[in-house]
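Chemist: Before I ask anything, here is the structure I am working with.
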Amino acid sequence: MRFRAAALLPRIAAAALLAALSGCAYSTGGNLLPPHIKTVAIPVFENGTTEYTIEKDITDAVIARFISDNHLKVVDERVANSVIRGKVTAYRNAVFGFTGGNLATEYRVTITVAVTFKDLVKNREIWSDQELSKYSNYYVQSVPGQVVKTELDGRKDAIAKIADEILTRTVEGW
């Protein structure tokens, strides 16, 4: 019995090594960027809404997300391999839930942006979405299990979701 197990040991080790190697390659999240793209410029988004400073808030969130992720180095456009351009096209804060007495308890902030990721080396668009839309609900009155928040809290949450989506599409999913 010992001899048989010892004879199988190299095969088991080889299979484990193969599984581990293929598992590692898959589990990295798959940086699917072309190898020549190492840097990204993220100029301030345009603002097509009446929301004051929303373009700066979204730009800052996207830059912070890319810096924390570290797949691409955020640099000035003059030296970048790629660029993310965006425009805030819609902002809406609307009542989403009522009490029995028709008092608003829940609101939804929805933000829509048009975004393009472009390879500046090969001068080609890698991905684009003209209606990337994210939302966040927040409660303005005490509800069991929920914290009372403000429109600004809902706005920050929706912006964070936009930044996450832009990062994901850029470094993983196109």
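Quick grid of which residues meet (1) touching a Cys at 6+ places or on another chain (Cβ under 9 Å); (2) farther than 30 Å from PRO144 by Cα; (3) surrounded by fewer than 16 Cβ atoms within 10 Å (Cβ to Cβ):
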residue	(1), (2), (3)
ILE58	no, yes, no
ILE67	no, yes, yes
LEU72	no, yes, no
ARG78	no, yes, yes
ASN81	no, yes, no
THR99	no, no, yes
ASN102	no, no, yes
THR105	no, no, no
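Chemist: Something else now. Which residues, taken from the range 86-96, are free of Cβ contacts under 8 Å to residues at least 60 places away in the same chain and touching a Phe, Trp or Tyr at 6+ places or on another chain (Cβ under 8 Å)?
Modeler: LYS87, VAL88, ALA94, VAL95, PHE96
Chemist: So, one more: Going through ILE166, ILE126, ILE159 one at a time, which residue ends up being among the β-branched types (Val, Ile, Thr), touching a residue at least 12 places away in the same chain (Cβ under 8 Å), at negative phi and assigned to a strand (DSSP E or B)?
Modeler: Going through ILE166, ILE126, ILE159 in turn, the sole match is ILE126.
Chemist: Within the range 117-131, identify whether any single residue is in the same structural domain as GLU77 (by TED's automatic domain parsing), loosely packed, with under 12 Cβ neighbours inside 10 Å and among the acidic types (Asp, Glu), and answer yes or no.
Modeler: yes
Chemist: Okay, moving on. Going by the structure shown, is ASP153 closer than 25 Å to LEU33 by Cα and not β-branched (Val, Ile, Thr)?
Modeler: The answer is no for ASP153.
Chemist: Across the range 65-113, what is the total count of residues that are closer than 13 Å to VAL40 by Cβ and hydrophobic (A, V, I, L, M, F, W, C)?
Modeler: Total satisfying the criteria: 9.
Chemist: So if I check each of LYS134, LYS73, which one is over 29 Å from HIS36 (Cβ atoms), basic (Lys, Arg) and touching a residue at least 12 places away in the same chain (Cβ under 8 Å)?
Modeler: LYS134
Chemist: Next question, about the same structure. Return only the number of the condition from (1) in a strand (DSSP E or B); (2) touching a helix residue (DSSP H, G or I) at 6+ places or on another chain (Cβ under 9 Å); (3) within 17 Å of HIS36 (Cα to Cα); (4) of a type outside the set (Phe, Trp, Tyr) that LYS87 does not satisfy.
Modeler: (3) is the only condition that LYS87 fails.
Chemist: Return a yes/no flag: does the range 86-94 have any residue that is crowded, with 19+ Cβ neighbours inside 10 Å, of a type in the set (Gly, Ala, Ser) and in contact with a Pro (Cβ under 9 Å, 6 or more places away or on another chain).
Modeler: Yes, that holds for at least one residue.
The values are calculated or read from the model by the stated rules, or taken from the named source; none is laboratory data. Please read these numbers as outputs of a predicted model, since none were measured by experiment. All Cβ positions, glycine included, derive from the backbone under ideal geometry; neighbour counts span all protein chains shown.
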